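Student: Take this structure first; my questions come after.
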Amino acid sequence: MVLVLLAMVVVLDQAAKWWAWRYVSGTRINSGGDILVGPVIGTWYNGRVTGALLDLLDFGLLSVAVSVLARSRAPAAVVVPGALMIGGWGSNLSDRLVMHYWTAPGSARGVVDFIHVGGSYYNIADFFIIGCTPLFLLAAGYQVVREARRPPAPGHLPRSPRSWLLARVRVPALASAGLIGVVALGAVNYGGVHAAPPRPPAHAKTHARALHH
């Protein structure tokens with residue numbers, strides 16, 4: 001289930017980015033950090049060497065989160081939003097690693113954003129992250145509280161508080177650790193454009209076709 005949901009988010013998001021770079025005016029590349037990490041760490045993510053190292057670190061942490069979630073016995077209420085959330089992070093990270101060469105050829109290395117809301121730009125993966133993160137945290141927290149209140153089975157010795165904590169919260173803790181690692185999603189700017197080429201207006205295209213004929 002985890003792998004299917006991850007693939008669904010990545011395919012949908014990458015296809016939308018490919019389309020937006022070619023047909024949506026105002027599409028741009030986010031090649032650095034964001035307001036959550038501040039200017040100093042944002043500069044690290046935008047560096048040629050430091051950005052590459054941070055991207056690789058993010059990839060490792062995200063892989064750990066996927067592995068833990070896929071192997072866990074958590075209910076669907078935890079697994080589904082967790083997988084969709086990680087899928088959003090994974091799709092954005094894949095932009096910075098290699099996919100932007102396909103979705104936005106000729107662009108600087110970074111994430112393709114094309115949905116303008118307020119003063120910021122987003123993509124479909126961002127909305128999966130924004131929508132599913134609170135659902136995942138609420139569901140994971142509820143499971144932790146529920147397990148804490150469940151009486152031990154007959155014949156089993158009660159666990160120590162430390163062992164119980166490690167057993168019950170490892171899924172949300174490790175998954176959250178992976179997400180924290182990719183909260184800025186580093187980028188190495190190898191050059192290239194940071195915005196899609198402007199689209200000529202419809203009447204200009206009609207006029208150009210008429211001249212051609």
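Student: If we count other beta carbons within 10 Å of each Cβ, what is the order of 113, 95, fewest first?
Tutor: Taking fewest neighbouring Cβ atoms as first place, the list is 113, 95.
Student: Okay, next question. With a 10 Å Cβ neighbour count serving as the proxy for reagent exposure, in which order, fewest first, do 117, 79, 144 appear?
Tutor: 117, 144, 79
Student: Run the quick spin-label model on residue 135 and residue 1: label points 7 Å from Cα toward the beta carbon, then report their separation in nm to one decimal.
Tutor: Placing both labels 7 Å along Cα→Cβ, they lie 1.2 nm apart.
Student: Now for a separate question. Pairs of Cα atoms under 8 Å, at least six residues apart: use those to get the relative contact order of region 1-108, whole percent.
Tutor: Reported as a whole number, the value is 46 percent.
Student: From the C-alpha coordinates alone, can you work out the Kirkwood hydrodynamic radius of region 76-156, in Å?
Tutor: One decimal place: 15.0 Å for the Kirkwood radius.
Student: Going by how many other beta carbons lie within 10 Å of each one, how would you line up 149, 22, fewest first?
Tutor: Listing 149, 22 from fewest to most nearby Cβ atoms yields 149, 22.
Only the coordinates and a few stated rules stand behind these numbers; no lab work does. Just so you know, these numbers come straight off a predicted model, no measurement behind them. No Cβ is skipped: glycine too gets one built from the backbone with ideal geometry, and neighbour counts run over all protein chains shown.
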